[in-house]
Amino acid sequence: MRFQPAAALAALTIVGIALTGCTADSTPDPSPTPSVSESAEAAPGSRANPLPVGETIRLSDVSAWSVGATAATEVGDGYVVLPMRILIDWDAIRDQLAEEGQDPADADTLGIDPWASLVVRYIGASGRSYELFENAAADVPNQLWSIGTVYPPAEDLTANVAVSVPAEEIDGGVWTVLNTGGDAVFLAAS
């Protein structure tokens, strides 16, 4: 008797369907989409529950940074602007320095640069992120990069973060702020 690959394949397929209970008409369940109630249950500042405008949140339990949006995202011609609030916990910076074997007093003499320590991105409607500002003609005052190094007692700053974003990506977008340790929070755009 000669081996017939097509017959063997057909038999395996039938056995597979019988064992899994699949029929020709069955379709797999789609990935669940978070409902409004599930989003509300997610931690504030998470992707599923971005922090509302007007609130601030610490990037992590040990982070020196707390961030938030002070107002709704401003929309320009091909760009968006996050009006951002930044709170600095100098005691957390001193604790981090001590854990690293450095002198905690260095926080007072070295200061810290928010622009060098934080990465701000706009996540567009498609899920793609944007973090560069390529519109030299736009006048955006008080940009994050222009603050420079700050020292105690400065602990409550405001800055604008401008990012070039295609118009079709703006609606439905969200902001994310990350520190150098990789901790991130998500901020609502409006």
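The values are calculated or read from the model by the stated rules, or taken from the named source; none is laboratory data. Note that the coordinates shown come from a computational prediction; the quantities given were computed from them, not determined experimentally. A quick note on method: Cβ atoms are made from the backbone with ideal geometry, for glycine too, and the neighbour counts reach across all protein chains shown. Each accessible area value is taken on the protein alone, full model and side chains, heavy atoms only, with ligands, DNA and RNA left out. Shrake-Rupley method; radii C 1.70, N 1.55, O 1.52, S 1.80 Å.
Observations on the structure shown:
- All conditions but one from (1) at pLDDT 55 or above; (2) open to solvent by 90 Å² or more (accessible area, probe 1.4 Å); (3) not hydrophobic (A, V, I, L, M, F, W, C) apply to E38; the one that does not is (1).
- Some residue of region 104-121 being open to solvent by less than 40 Å² (accessible area, probe 1.4 Å), in contact with a Lys or Arg (Cβ under 9 Å, 6 or more places away or on another chain) and assigned to a strand (DSSP E or B): no
- Criterion applied to S164, S146 was being of a type outside the set (A, V, I, L, M, F, W, C) and farther than 19 Å from A72 by Cβ, and the one residue passing it is S146.
- Being in a helix (DSSP H, G or I), open to solvent by less than 20 Å² (accessible area, probe 1.4 Å) and among the aliphatic types (A, V, I, L, M) holds for only one residue in A92, A98, and it is A92.
- Pair list, Cβ under 8 Å, 6 or more apart: region 178-190 residue touching a residue at least 40 places away in the same chain (Cβ under 8 Å), other residue of a type in the set (D, E, K, R): L178/R121; F186/R47
- Flag for N160 being polar (S, T, N, Q), in contact (Cβ under 8 Å) with a residue 24 or more places away in the chain and touching a strand residue (DSSP E or B) at 6+ places or on another chain (Cβ under 6 Å): yes
- Selection of first residues in region 115-130 that are farther than 18 Å from A48 by Cβ and of second residues that are open to solvent by 70 Å² or more (accessible area, probe 1.4 Å), restricted to Cβ pairs under 6 Å at least 6 apart or on distinct chains, gives the following pairs, ordered by first then second residue: W115/W145; S117/T180.
- Picking from residues in region 67-87 that are in a strand (DSSP E or B) and in contact with a helix residue (DSSP H, G or I) (Cβ under 8 Å, 6 or more places away or on another chain), the one that is most open to solvent (accessible area, probe 1.4 Å) is V75.
- Whichever residue in region 148-190 is in a loop (DSSP other than H, G, I, E, B) and among the charged types (D, E, K, R) and, among such residues, is surrounded by the fewest Cβ atoms within 10 Å (Cβ to Cβ): D171
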